[in-house]
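Some notes on the structure that comes next.
The values are calculated or read from the model by the stated rules, or taken from the named source; none is laboratory data. As the structure is a prediction and not an experimental result, all values here were calculated from the model. All Cβ positions, glycine included, derive from the backbone under ideal geometry; neighbour counts span all protein chains shown.
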Amino acid sequence: MIWETVRLSLISIRRNVLRSFLTLLGIVIGVAAVIAMLTIGSGTTEKVKADISKLGSNLLVVRSGRPAGPGGPGGLDQVVRPLAEKDLAALVAHLSGARAISPASQKQVRVIFGTESLTSGVTGTDSAYLDARDWKLVSGRPFSDSETRSGAGVCLIGETVRQQFFGAGDPEGEIIRVNRTSCKIIGLLEPKGYTGFGQDQDNVVLMPLAAYQRRIAGNRDIDSIYIAADDRTPTTELQPRVEDILRDTRRITPDRDDDFSIRDMTQIADAMASATTTMTGMLGAVAGVSLLVGGIGIMNIMLVSVTERTREIGIRLAIGAHEKHILIQFLVEATVLSLLGGIIGILIGLALAGIASVALTIPFAPSPAVILLAVGFSALIGMVFGFFPALRGARLDPIDALRHE
Amino acid sequence: MSGPVFISFDKVLKTYGQGEARVHALAGVDLAIRKGEFVAIMGPSGSGKSTAMNIIGCLDTPTAGTYSFEGIDAGRLDRNRRALLRNLYVGFVFQGYNLLPRTTAAENVELPLIYRGVARSERRALAMQALAEVGLVGREHHTPAELSGGQQQRVAIARAIVTRPTLLVADEPTGNLDTARTHEIMELLTRLNAELGLTIAMVTHEADVAAYAERTIRFLDGHVASDSAKLEVA
């Protein structure tokens, strides 16, 4: 009986192709919007997570200045005291649970090779930096300990710098000018691409910290210290230890706040991912409202359909249709309609998300759960919004219905 | 030719409206029809013939009095039970044919069988048989728009008899047809009455159509004005 009714409803949908299509449009647009939003949203979340993990996983970054909070970083009451080599030495000596500890000072500097020039992020650091940031070399070698200590004129370059100066060629052994000093390229860093904020992570030149301090910065400050946790130690456990050591070496009395900040990149990644998830949810909810509008469209057209087919209902009732037969017929028709709209909407939504993922270079991440939910929801909309018109049809008096013109 | 009393009206009253606007469509009608009879019901508009017809076909119920259908007090049944009664025992033929548009002849004929829960293959066979009985072999897959008025009425008659009803209710079955087609349809009804023993109650306002019936009941102002074969209500 049910199967027969589904077949009947398909026939009646086919009989009014244009009207059925217009009815579907509301549901199609609603479902397509929801599916596209949620799929693009989850792709963005994945992209953000991947971007942040490019910065290095399980990474703590220590900077000078009070942590951001009420009053903002570095209030008027305190002069920002930069990080110093003794802070780094204390961490290296006393911190347990760290895989790599590395200092970094950075500045945007003009880099020149031959007649070409490029403004690049020049970082002074040591050989542990690559380990801390999960960064590998495509070719060449890292700084040796003696080069780090002496501040030798050697450097590692990123992919963007290589392309600017050497095209696809091998940069090893070439001498580039950084500011007023020159340094020899000893290695090429593996490409990392852009961050989610549009920053090119490959436009970099790494050199030994001592060389950077002496020849570029002109001081002995350290901008930040990167600390990578080992596999057994969560960053949340490592952070208080770092804080204790630094408060101790920097002689901060218990009544005073930290004059440095520790940023947990994992937490930032989670926070950003959850922010995009929230955003996705909100956009999805807005798109969901259009589904509701689509449902009202179904109700409207089913009421028209019941009125238009009053005579048909009269015939069916006269030849012995039970009230429930008419009810089921129109209910199934509404459900089949909106389900059809839902399926078309899913296909369009996925296509849109696919196009967007290419255009925005984010992963295409369709979720089976979301798709199933959309199918279920569109069927539900058909049932809910089809019920009232169906009931109206089923309650018709056969004599009046037969007289209806 | 006629069997025992099949349907009977006992002081059937049917009123519409309230207070001053109250109209007595049927003002206490007594009537009996025997199994196998072919009855023509005539009368001017507003005489109550259509109301009587609707009650006979179990589409409507009396305001007062008793309508008994094969011993069942059909006037007291709820609408779903009457639907079942119609599906099992009554076939309908209307003036305007009332076929489902854009639906083939065979599918139209199958319709009452669907509500009876007959399996699909059996339905198709029964529909073909009914279409053959009304002389429409080869037109099974035509839609009403592709059939003439006379052919459409034949499809409607096939739909009415496919369930093998005991009663056929025909409401001006030839009202939309020309004379030649009218006589074809009336001959078909006469044949079904004779061959299947089908009881037929037919409303008409044409005397030559009524002449096909073996009995004519005339209504006037909600009463039976004349009955060509006065039967004693048992």
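What to note about this one:
- Among the residues making up the range B:51-91, those that are within 19 Å of residue A:402 (Cα to Cα), in contact (Cβ under 8 Å) with a residue 60 or more places away in the chain and among the small types (Gly, Ala, Ser) are B:52, B:57, B:91.
- Per the listing B:91, B:75, the residue uniquely facing another protein chain (nearest Cβ under 10 Å), in contact with a strand residue (DSSP E or B) (Cβ under 6 Å, 6 or more places away or on another chain) and outside any loop (DSSP other than H, G, I, E, B) is B:91.
- Among (1) more than 8 Å from chain A (Cβ to nearest Cβ); (2) modelled with pLDDT of 90 or more; (3) not in a helix (DSSP H, G or I) - the single one residue B:96 does not satisfy: (2)
- For the range B:152-169, the tally of residues that are assigned to a loop (DSSP other than H, G, I, E, B) and β-branched (Val, Ile, Thr) stands at 3.
- Condition met for residue A:160 (under 13 Å from residue A:204 (Cβ atoms), touching a residue at least 40 places away in the same chain (Cβ under 8 Å) and in the same structural domain as residue A:192 (by TED's automatic domain parsing)): yes
- Identification of strands (runs of 3 or more DSSP E) wholly contained in the range B:174-234 with 3 or more residues that are under 19 Å from residue B:90 (Cα atoms) yields B:199-203.
- Residue match in the range B:105-116 (condition: touching a Leu at 6+ places or on another chain (Cβ under 9 Å) and more than 21 Å from residue A:314 (Cα to Cα)): no
- Of all residues in the range B:149-169 being more than 15 Å from residue B:88 (Cα to Cα) and among the β-branched types (Val, Ile, Thr), the one that is surrounded by the most Cβ atoms within 10 Å (Cβ to Cβ): B:157
- Residue selected from the range B:108-125 under the condition over 20 Å from residue A:323 (Cα atoms) and surrounded by fewer than 21 Cβ atoms within 10 Å (Cβ to Cβ), by the criterion nearest to the other protein chains (Cβ to nearest Cβ): B:120
- Among residues of the range A:47-72 being aliphatic (A, V, I, L, M) and modelled with pLDDT under 70, the one that is nearest to residue A:260 (Cα to Cα) is A:68.
- Of all residues in the range B:3-45, those satisfying the criterion of being touching a residue at least 40 places away in the same chain (Cβ under 8 Å), farther than 18 Å from residue B:68 by Cα and not in a strand (DSSP E or B) are B:43, B:44.
- Residues in the range A:296-319 that are within 14 Å of chain B (Cβ to nearest Cβ), in a helix (DSSP H, G or I) and of a type outside the set (Lys, Arg): A:305, A:308, A:310, A:312, A:313, A:314, A:315, A:317, A:318.
- Checking residue A:242 against (1) outside the structural domain of residue A:15 (by TED's automatic domain parsing); (2) buried (at least 17 other Cβ atoms within 10 Å of the Cβ); (3) of a type outside the set (Asp, Glu); (4) outside any helix (DSSP H, G or I), the condition it does not meet: (4)
Residue-wise test of (1) among the acidic types (Asp, Glu); (2) more than 10 Å from chain A (Cβ to nearest Cβ); (3) surrounded by fewer than 22 Cβ atoms within 10 Å (Cβ to Cβ).
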residue: B:3; (1), (2), (3): no, yes, yes
residue: B:35; (1), (2), (3): no, yes, yes
residue: B:40; (1), (2), (3): no, yes, no
residue: B:50; (1), (2), (3): no, no, yes
residue: B:58; (1), (2), (3): no, no, no
residue: B:85; (1), (2), (3): no, no, yes
residue: B:103; (1), (2), (3): no, no, yes
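- The helices (runs of 4 or more DSSP H) found entirely in the range A:83-168 that carry 2 or more residues being of a type in the set (Phe, Trp, Tyr) are A:159-166.
- If the condition is being of a type in the set (A, V, I, L, M, F, W, C) and either in a loop (DSSP other than H, G, I, E, B) or in contact with a strand residue (DSSP E or B) (Cβ under 7 Å, 6 or more places away or on another chain) (or both), then the range B:99-151 contributes B:99, B:100, B:118, B:119, B:134, B:136, B:137, B:147.
- Screening B:146, B:172 for residues that are surrounded by fewer than 24 Cβ atoms within 10 Å (Cβ to Cβ) and touching a residue at least 40 places away in the same chain (Cβ under 8 Å) leaves exactly one candidate, B:172.
- Residue check, residue A:227 modelled with pLDDT of 90 or more, under 25 Å from residue A:62 (Cα atoms) and of a type outside the set (Phe, Trp, Tyr): yes
- Checking residue A:322 against (1) crowded, with 19+ Cβ neighbours inside 10 Å; (2) within 14 Å of another protein chain (Cβ to nearest Cβ), the condition it does not meet: (1)
- Within the range A:178-198, tally of residues that are closer than 18 Å to residue A:116 by Cα and part of a strand (DSSP E or B): 6
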